[in-house]
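These notes concern the structure reproduced below.
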Amino acid sequence: MATSSDHAPRRLIVGITGASGIVYGIEALRALRAAGVETHLVMSKAAEMTLAYETDLKARDVRDLADRAYAIGDVGAPCSSGSFPSDGMIVAPCSMKTLAEIATGVTSNLLSRSADVVLKERRRLVLLTRETPLTQVHLQNMLTVTQMGGVISPPVPAFYAEPATLEEMVAHTVGRALDLFRIDSGGVKRWKSEAATG
């Protein structure tokens with residue numbers, strides 16, 4: 001028997017932290033909009049600083065890409081509650097600070113609180129962790145989040161796709177992350193081996 005939730009629109013929470021690679025979060029918002037997925041954005045203050053370093057965009061421009069945007073300190077926002085229905089959350093990029101907060105459950109803002117809620121409700125959490133090299137603490141936190149049900153998906157380029165531009169490389173990485181939610185962004189060049197096509 002179908003319920004009203006069977007026909008509800010897709011909805012994803014998008015977190016953007018201050019790690020380098022803010023273009024991944026921006027591309028995720030654009031791809032989700034194109035796919036007809038409702039987005040709820042939480043950007044950290046550090047993300048706004050990184051935005052100024054890495055792009056010509058303003059924070060307002062990024063917020064305008066989302067259906068709803070919330071202040072990082074607004075811990076009373078809808079996505080801070082398990083009663084807020086969503087398909088999950090993607091954090092792109094995910095800083096090691098945010099990873100640590102999620103791994104320990106010590107959430108200090110709306111972004112890490114939203115991720116904590118997604119995990120406790122057994123929904124999909126995908127973290128595009130951005131750091132190199134990695135310390136033992138980073139690796140342990142990644143293992144902990146994985147054991148909690150999260151997915152660690154570092155933005156590693158796929159050279160088999162033969163990207164001609166940085167934009168193509170970013171779109172492919174984001175597309176593969178959205179695949180984890182069963183959302184086809186149209187930005188992924190799928191693997192086709194000679195054996196499979198011959």
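Computed from the coordinates by the stated procedures, all read-outs in this text should not be read as laboratory data. Owing to the predicted nature of the structure, the values given are computational and were not obtained by experimental measurement. Cβ: placed from backbone, ideal geometry, glycine included. Neighbour counts: every protein chain shown.
Below, the figures for the structure above:
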{"quantity": "Helix-only [θ]222 nm of the chain, DSSP H runs n ≥ 4, -39500 (n - 2.57) each, per residue, nearest 500", "calculated": "-11500 deg cm²/dmol"}
{"quantity": "More than 21 Å apart - percent of Cα-Cα pairs taken over the chain", "calculated": "50"}
{"quantity": "Region 137-196 and region 1-80: distance between their alpha carbon centers, rounded to Å", "calculated": "18"}
{"quantity": "Those chymotrypsin sites (Phe, Trp or Tyr not before Pro) in region 95-198 that DSSP places in a loop and that have at most 12 other beta carbons within 10 Å", "calculated": "191"}
{"quantity": "Karplus-derived 3J(HN,Hα), 6.51/-1.76/1.60, for each residue of region 58-68, Hz, glycine and proline x", "calculated": "9, 4, 4, 4, 6, 4, 5, 7, 9, 6, 9"}
{"quantity": "Sites residue 58 and residue 10 - FRET efficiency at Förster radius 25 Å, r taken between beta-carbons, to 0.05", "calculated": "0.35"}
{"quantity": "Relative contact order of the chain, pairs being alpha-carbon contacts under 8 Å that are 6 or more residues apart, as %", "calculated": "21"}
{"quantity": "Ranked list, fewest to most other Cβ atoms within 10 Å of each Cβ, for 39, 135, 173, 107", "calculated": "135, 107, 39, 173"}
{"quantity": "Computed FRET value (nearest 0.05) for residue 165 with residue 192, which takes r as the C-beta separation and R₀ as 25 Å", "calculated": "0.75"}
{"quantity": "Within the chain, percent of DSSP bridges classed antiparallel, to nearest 5", "calculated": "0"}
{"quantity": "94, 79 arranged by Cβ crowding within 10 Å, fewest neighbours leading", "calculated": "79, 94"}
{"quantity": "Neighbourhood net charge (9 Å Cβ-Cβ; Lys/Arg +1, Asp/Glu -1) for residue 67", "calculated": "+2"}
{"quantity": "For region 27-42, 3J(HN,Hα) per residue [Karplus equation, 6.51 cos²θ - 1.76 cosθ + 1.60, θ = phi - 60°, Hz, x = Gly/Pro]", "calculated": "5, 4, 4, 5, 5, 5, 4, 4, 7, x, 9, 6, 10, 10, 9, 10"}
